[in-house]
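Okay, structure first, notes after.
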């Protein structure tokens, strides 16, 4: 999904034929107002042409990509290291406004 504000800012061509009401983030009703075709570049080489829904998806959110897209694109998420592994073996840091110190738990493994 892409926000209506960003779609307008980028002057994307909107297809308004299929409008749908859905349950949005946190169960809040949301109106899918249009769809648009976009080019998504992951890393430096991997390019996808995709059709995205256009809607008001939440305060401060411009784009929301689902795990179905990430799985098909070969993106792997490392939650512990806050990294995303792209298909071309390139890693990028996931965005967060707060600086986090990576934390982990080391558990000793013993055999019975």
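The values are calculated or read from the model by the stated rules, or taken from the named source; none is laboratory data. This one's a predicted model, so the numbers in the text were calculated from it and none came from an experiment. Cβ placement follows ideal geometry from the backbone for every residue including glycine, while neighbour counts extend to all protein chains displayed.
For the range 23-58, the candidate set comprises residues that are at pLDDT below 80 and part of a loop (DSSP other than H, G, I, E, B); within that set, the residue that is surrounded by the most Cβ atoms within 10 Å (Cβ to Cβ) is 57.
When you check residue 92 against the structure, is it farther than 12 Å from residue 1 by Cα, at pLDDT 75 or above and either within 16 Å of the chain's Cα centre (by Cα) or surrounded by 11 or more Cβ atoms within 10 Å (Cβ to Cβ) (or both), yes or no? Break it down stepwise before answering.
Numbers: farther than 12 Å from residue 1 by Cα: yes; at pLDDT 75 or above: no; either within 16 Å of the chain's Cα centre (by Cα) or surrounded by 11 or more Cβ atoms within 10 Å (Cβ to Cβ) (or both): yes.
So residue 92 does not fit the description; no.
Could you look through the range 2-22, keep only residues that are assigned to a strand (DSSP E or B) and modelled with pLDDT under 90, and pick out the one that is nearest to residue 60 (Cα to Cα)? Walk me through how you get there before you give the answer.
Filtering the range 2-22 for residues assigned to a strand (DSSP E or B) gives 2-3, 15, 20-22.
Imposing the further condition that a residue be modelled with pLDDT under 90 reduces the set to 2-3, 20-22.
Details: 2: 12, 3: 10, 20: 22, 21: 21, 22: 20 Å.
Residue satisfying both the conditions and the ranking: 3.
If I filter the range 63-75 for residues that are at pLDDT below 70, assigned to a helix (DSSP H, G or I) and surrounded by 12 or more Cβ atoms within 10 Å (Cβ to Cβ), do I get at least one hit? Among the residues of the range 63-75, at least one is at pLDDT below 70, assigned to a helix (DSSP H, G or I) and surrounded by 12 or more Cβ atoms within 10 Å (Cβ to Cβ), which makes the answer yes.
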